[in-house]
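Participant: Right, I'll just put the structure down here and ask away after.
The values are calculated or read from the model by the stated rules, or taken from the named source; none is laboratory data. All values reported here derive from a predicted model rather than from experimental measurement. No Cβ is skipped: glycine too gets one built from the backbone with ideal geometry, and neighbour counts run over all protein chains shown. Side chains are part of the model used for accessible areas, which takes the heavy atoms of the whole protein and leaves out ligands, DNA and RNA. Shrake-Rupley method; radii C 1.70, N 1.55, O 1.52, S 1.80 Å.
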Amino acid sequence: MAKHYLFYISENYSFQILRPLQDEIHRRGDTVAWFVEGNNVNKAYFQPQETQLPNVQAVIDYQPVAVFVPGNMVPSFIPGLKVCVRHGFIGFKTRKKDGLNYSFIIRDCFDLYCTHGPSMTDTFKLLEKKHQFFKVVETGFCKMDPFFNNPPKIDKTDPRPVVLFSSTFSPRMSQAEALLPTIKRLSQDTKWRWLVTFHPKMAQSTVDAYKAAQHDNLTFVETDNAMPLMLEADLMLGDNSSMLVEFLMLNKPVVTMKNEHPKPHFINVTDPADLEKSIEYALTRPAELMEKLGDYAAQTHPYTDGQSSARIVDATQNMLCNPPKLKRKPFNLIRSIKMRKKLGYWGR
């Protein structure tokens, strides 16, 4: 009998993350349905063959054996094993009150965390031992499977290097507005082509400003799948977005502007006046930089076989078939009431 799985999403980036997992589930003869929380998802991105459930009651009637979440939260009243597949690699954002990296905040929602590589797994294993109400399995990131498993061919008829600019939406950490004059100026030179794409939560005023700045050498792209842009680009310019890490996994150089935690595997600048020469240097793919990048990739996401989705489903099935002895998850009454109110569900 086919198993029922649920994808619980709240942002447009979820499509690119979960579709490789959907393909693997279908390959095994099982079924997937999607449930959208909130108003941030553009439902026009759904494909005709994808099943959407309209409300929580429909989700409960569907009776999923597991729920895959590319985010931080899922209500306890949704049935099924709660599996966190992450919405990105370890980011740069830290909580102000204690300096804790947001990637490692436990919100008492999940039974299983699927981690991407040793640098994430090591910390989550310590958290698993501390909390004892979830399991951690290193699987790799399902979003990366298409990059390594028959990636689409990019027909580059223009021989010029392509610079992809992306920025985090957080006003405290974003450099998008500050860099607009510099990117406008640099893009007037025809030696590079520029592509720009932003996080779905980016301020609309910033999006509009970059759209207005478009010309033959500068293109703004709104999409639910940034993979073609990343494959086409030769270099990425960013600030504190976790998308930088995804780009590094393709063995391509990254230049950052005012990154809050600069690392040796990318080139960080603090003055926009230094941006042009930094991009020029990075495009030469200097041996020392690329060696550091390779070392970082091995710790962050060592899986280049395109089989991370299969490992996630295997880990989920193993936990369903062989339930571990875990403590009961803490119950957060206030959070539960807020989620019920948000989703309009007051049943059991």
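Participant: With a 1.4 Å probe and every protein chain kept in, tell me what percent of the accessible surface of the range 199-279 is carbon plus sulfur.
Facilitator: Its accessible area is 47 percent carbon and sulfur atoms.
Participant: From the phi angles alone, apply the Karplus equation (6.51, -1.76, 1.60; θ = phi - 60°) to the range 48-56 and give each ³J(HN,Hα) in whole Hz, x where the residue is Gly or Pro.
Facilitator: Taking θ as phi minus 60°, the curve returns x, 7, 8, 8, 10, 9, x, 7, 5 Hz for the range 48-56.
Participant: I would also like to ask the following. Over its Cα atoms, what ratio of radius of gyration to 2.2 N^0.38 Å does the range 1-100 give?
Facilitator: Ratio of Cα Rg to 2.2 N^0.38 Å: 1.14.
Participant: Let me understand the chain better: what is its radius of gyration from the alpha carbons, and its Dmax, in angstrom?
Facilitator: Rg, Dmax (Cα atoms, Å): 20.8, 62.
Participant: Which number comes out as Rg/Rh for the range 253-348 once both Rg and the Kirkwood Rh are worked out on C-alpha atoms?
Facilitator: My calculation of the ratio gives 1.23.
Participant: Any idea how far apart L126 and Y281 come out in nm if each label point goes 7 Å out from Cα toward Cβ?
Facilitator: 3.3
Participant: Can you give the angle from 0 to 90° between the axis of helix 333-343 and the longest principal axis of the chain, with both taken from C-alpha atoms, to the nearest 10?
Facilitator: 70
Participant: Also, quick follow-up: If you wrap the range 149-199's Cα atoms in a convex hull and average its projection over all directions, what's the area in nm²?
Facilitator: Averaging across all directions leaves 5.0 nm² for the Cα convex hull.
Participant: Whose amide H sits under 5 Å from the amide H of E138, counting only residues 5 or more places off or on another chain, with H placed in the peptide plane?
Facilitator: T115
Participant: What is the pair-distance distribution P(r) of the range 107-235, computed from all Cα-Cα distances in 5 Å bins starting at 0, with each bin given as a whole percent?
Facilitator: 2, 9, 15, 15, 14, 13, 12, 9, 6, 4, 1, 0
Participant: Here is a further query. Compute the angle between helix 118-131 and the longest alpha-carbon principal axis of the chain, please, reported from 0 to 90 degrees and rounded to the nearest 10.
Facilitator: Relative to the chain, helix 118-131 is tipped by roughly 30 degrees.
Participant: Across the Cα atoms of the range 166-232, what radius of gyration and what greatest pairwise Cα-Cα distance (Dmax) are found, in Å?
Facilitator: For the range 166-232, the Cα-based Rg and Dmax read 11.7, 32 Å.
Participant: Could you work out how much longer the chain between T223 and N149 gets when fully extended? Use 0.36 nm per residue separation minus the Cα distance between them, nm to one decimal.
Facilitator: The T223-N149 span can extend by a further 24.5 nm.
Participant: Let me ask you something else. Can you give me the relative contact order of the range 110-219 as a percent, contacts being Cα pairs under 8 Å and 6 or more apart?
Facilitator: After rounding, I find 22 percent.
Participant: Using a probe radius of 1.4 Å on heavy atoms only, what accessible surface per residue do you get for the chain? Whole Å² is fine.
Facilitator: Here the residues of the chain average 47 Å² of exposed surface.
Participant: Right, another one. Sum up the lysine pairs in the range 118-158 that clear both bars: alpha-carbon distance under 29 Å and a spacing of 8 or more or different chains.
Facilitator: Total qualifying Lys-Lys pairs in the range 118-158 comes to 7.
Participant: Take the Cβ-Cβ distance between M73 and A44 as r, set R0 to 35 Å, and report the resulting FRET efficiency rounded to the nearest 0.05.
Facilitator: Between M73 and A44 the formula returns 0.90.
Participant: Just the projected area, averaged over all directions, of the convex hull on the alpha carbon atoms of the range 163-304: how many nm²?
Facilitator: Computing the convex hull of the Cα atoms and averaging its projections yields 8.2 nm².
Participant: Order these peptides, 69-82, 185-198, by their mean beta-carbon neighbour count within 10 angstrom, highest first.
Facilitator: The peptides rank, most packed first, as 69-82, 185-198.
Participant: Something else about it: Carbon and sulfur together cover what percent of the accessible area of the range 74-118 at a 1.4 Å probe radius?
Facilitator: 50
Participant: Compute the normalised compactness of the range 32-180: alpha-carbon radius of gyration over 2.2 N^0.38 Å, N being the residue count.
Facilitator: Against the compact-globule rule of thumb, the ratio is 1.27.
Participant: Something else now. Looking at the range 196-248, I'd like the Rg to Rh ratio, where Rg is from alpha-carbon atoms and Rh is Kirkwood's inverse mean 1/r.
Facilitator: 0.94
Participant: Now for a separate question. I want to make sure I understand the PRE zone here: with the label point 7 angstrom from the Cα of T31 toward its beta carbon, which residues in the range 66-104 have backbone N atoms less than 14 Å away?
Facilitator: Of the residues in the range 66-104, 66 have backbone N under 14 Å from the label point off T31.
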